[in-house]
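The structure under discussion appears below in the form of C-alpha cells.
Quick note: the coordinates plus some simple rules give every number you see, no bench work behind them. For clarity, every value in this text was computed on a predicted model and none was experimentally measured. Here Cβ is always computed from backbone atoms with ideal geometry, including for glycine, and neighbour counts include all displayed protein chains.
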Amino acid sequence: MVDTSNEFTITSSIDHRFDFEGANKVRSKATRGRILLAMAAFGFCFVMMFARLVMLGFDSPALAQRASEEEGIATFRPDLVDRNGEILATDIKTASIYAEPNKIIDVEEALDAITGVFPDLDSKSLRRRLSNKKLGFTWIKREVTPKQQQAIHEKGIPGLGYKTENKRFYPAGATASHILGLVNVDNVGIAGMEKYIDTAGLAKADGGFGGSALEADPVRLSIDLRVQHALRDELEKYMTKFKAIAAAGVVLNAKDGEVLGMASLPDFDPNHPVNVGEPDRLNRMTAGVYEMGSVFKTVTVAMALDSGLVHLNDSFDARQPIRVRGSTISDFHSKKRILSVPEVFIYSSNVGSAKMALKIGKEGHKEFLQRAHLLERVRTELPETAAPVYPSDKRWSDLSTMTISFGHGVQVTPLQFAATAASLVNGGYYVKPTFLRKSKQEVENTDHSDRVISERASAEVRYLMRLNAVEGSGKRSRVDGYMVGGKTGTAEKVIDGKYIGNRLRNSYLAAFPIDDPQYVVLVMLDEPKGLKETYGYATAGVNAAPLAGDVIRRVGSILGVKPRFGQKDVPTVEASF
C-alpha cells in the first residue's frame with residue numbers, strides 16, 4: 001500500500017507558494033501605480049503653482065490696481081521737518097480691521113461682533129460683503145484705536161483680522177496745514193508738501209509691513225515753526241477782532257525766496273480733516289487770485305522810476321477825476337492838487353498812479369508786468385497754485401493800464417505778489433519762492449540775473465515805502481528798532497460783476513529793515529468790519545497795517561534781525577543805494 005499523504009502535503013505546499021508569489025506581484029504593481037499617481041498629482045500641483053506665479057508676475061496693471069484697492073498699499077513717508085529740524089509730519093503705526101468672507105463661518109455672529117465695536121458702520125452693506133463667499137478680502141475699518149483693535153481680537157471670530165499700517169501724524173495740528181497738506185487713508189499725499197513728496201518719488205510703498213520713516217532722510221522745509229506760529233496767531237487775533245471772514249499772510253526771505261511762514265484762515269487740522277473740502281478752507285495765498293488794490297501801486301511806481309521817464313521830483317495833476325468811456329477814476333481822499341511822486345505814493349492817489357502808468361504806455365506796462373512775473377503762474381513745490389487773470393492783448397486798453405496801475409483789473413496770488421515785491425526792494429532781482437530750505441551753498445549761489453528793476457530804482461522804492469510808513473497810510477505798521485517800510489491796499493470786492501463799497505479785501509505789504517530788506521511780509525484781511533476805536537473805518541491803514549507791524553514785532557528777533565534805535569526815520573535814497 002502506497003502512502004500518498006506526504007505527496008499531498010508537498011503538492012499543497014508548492015501550490016500555496018505559487019499563490020503567495022502571485023499575490024505579491026499583484027500588490028507590487030498596485031503600489032507602484034499609487035506612487036506614480038501621487039507623483040503625478042504633486043507634479044500637477046507644482047506646475048499649477050508655477051503657472052500661477054508666472055501669471056502674477058505678468059498680470060495686467062488693471063488686476064494689480066484692483067488688488068491694491070481691495071487690500072490697500074500702505075506707504076511709509078519721510079518726516080517733514082522745519083528749517084531747524086522740528087518735526088511737522090511723521091508716520092506712526094496703526095491697525096486696520098479686515099475680513100476674509102470666504103473664511104467666515106457664521107455671518108450674523110461676525111456682524112454682531114463688528115457692529116458692537118463699530119456701531120457707525122452700515123450693517124446692510126457689511127452683511128452683503130460678509131456673505132459673499134467669493135470675496136477673499138474686504139476692509140472693515142481703517143486706522144482704528146488700540147482699544148478697538150483689542151476688542152475685535154477678543155471676539156475670536158474666524159475670518160476677522162487686522163493689518164498694521166502707517167498713519168500720518170502732525171504734531172503741530174493746524175499750524176502749518178496749508179503748507180503741509182494731507183494724505184489719504186492709504187498714506188498717499190493728496191495736497192501740499194505731502195503731495196510733493198509723492199510727486200518727487202520720496203514715499204515708498206511697503207504693503208504695510210515694516211516700512212518706517214526712519215529709513216528715509218527727512219524733507220527739510222524752509223519754514224520756521226516759531227515764525228509760522230506767530231504769523232498764524234496774529235492773523236487769527238485780527239480776524240477775530242475785526243470780524244473778518246478770512247485772513248492770510250506770508251513771511252518771505254527777500255534775498256533767496258525761502259518762505260519762513262505762510263498761513264491762510266480758516267484752515268484745517270490735517271489729523272482730523274473733516275472740513276478740508278469746504279470752500280472757505282481754500283489756501284488763499286497760492287490757490288486764490290485777487291485784485292490786490294493799492295499795494296499794486298508799489299509795482300506801478302517801480303515801473304515808472306525804472307523806465308527813466310518818471311523821477312522822484314516829478315509831479316502829476318490829481319485835482320480832477322479821470323473820466324474814460326463812461327468810467328471815472330477818482331481818489332478816496334482827494335487832495336485836489338498837483339502831487340509829487342512821493343505824495344502820489346503816500347496819499348495812495350489813483351489819479352496820480354493812472355497818469356504815471358499812462359506815461360509808460362500800455363505796451364511798456366504789459367512788458368514790465370511780464371518781467372515782474374505777474375502775468376504767469378508761479379510754480380512752487382505746492383501743487384495748489386493758481387494762474388493770474390488779466391485782459392487779453394486785444395482787450396488791454398489804456399483804461400486797463402490805468403485801472404491795473406492801482407490794483408484793479410488784474411488778479412494774482414498773494415504769494416506771487418510777495419515774490420515780485422521782494423524783487424522791488426532787494427536790489428532789483430527776482431528769486432522764485434520756495435518751501436524747501438536752501439543749503440548755504442545754494443544761498444550763496446543765488447541767481448541775480450533775472451533783473452526786474454535797477455538797483456537805483458529799488459533804492460527809490462525802499463525810500464517811498466519807508467516814507468509811507470512814517471508819514472502816510474502805513475503809520476500803524478511801525479515797529480521801534482526795525483525800520484519797517486510798507487504800502488496799504490484797500491480793494492473793493494467784486495460781487496456779481498460789481499464793486500461793492502462796503503465789502504473790502506485789505507492788505508499790507510511790508511519789508512524790513514527797509515534800508516537793506518531781509519524779509520517781506522504780506523498780510524490780508526477779507527471783509528474786516530469797522531470798530532469804535534477806528535471810528536467806523538475798515539480800511540487797510542487801521543487793520544492790515546497794524547497786523548503786519550505786530551507780525552514783525554514777534555518774528556523779528558526770531559529771524560535774527562537786531563533792533564536798531566536812534567536812526568533817522570527816513571533814510572535818503574543815497575544812503576540806501
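Please work out the Cα center distance from region 509-555 to region 451-478, rounded to the nearest Å.
15 Å
Going by average Cβ density within 10 Å per residue, which order do the peptides 299-306, 359-366, 448-455 take, highest to lowest?
Descending packing order for the listed peptides: 299-306, 359-366, 448-455.
Using packing as a proxy for protection, rank 88-94, 184-190, 497-503, 314-320 so that the peptide with the highest average count of other Cβ atoms within 10 Å comes first.
88-94, 184-190, 314-320, 497-503
Could you state the orientation-averaged shadow area of the convex hull built on the Cα atoms of region 337-488, in nm² to one decimal?
Over every viewing direction, the Cα hull of region 337-488 projects on average to 10.8 nm².
Would you mind pulling out the separation of the Cα centroids of region 290-350 and region 124-181, in Å?
Taking the Cα centre of region 124-181 as reference, the centre of region 290-350 is 61 Å away.
Could you tell me the relative contact order of region 447-510? Use alpha-carbon pairs under 8 Å, at least six residues apart, and round to a whole percent.
23 percent
Quick one: plug the Kirkwood hydrodynamic radius of region 328-378 (C-alpha pairs) into Stokes-Einstein at 4 °C, 1.567 mPa s, and report D in µm²/s.
So the translational diffusion coefficient is about 105 µm²/s.
In whole Å, what are the Cα extents of region 375-460 along the three principal axes, biggest one first?
46, 36, 18 Å, listed from the longest principal axis down.
Taking the mean number of other Cβ atoms within 10 Å as a proxy for protection, how do you rank 173-179, 557-563, 481-487, 224-230 from highest to lowest?
In descending order of packing, they fall as 481-487, 173-179, 224-230, 557-563.
Kindly state, to the nearest 0.05, the FRET efficiency for LYS241 paired with ALA387, given R0 = 30 Å and r defined as their beta-carbon distance.
0.35
Go ahead and collect, in residue order, the members of region 111-146 whose backbone nitrogen is under 12 Å from a label point 7 Å along the Cα-Cβ direction of GLU154.
117
My understanding is that a pair violates if its Cα-Cα distance is over 26 Å; which of LYS243/LYS475; LYS241/LYS432; LYS487/LYS532 do that in this structure?
Beyond 26 Å: LYS241/LYS432.
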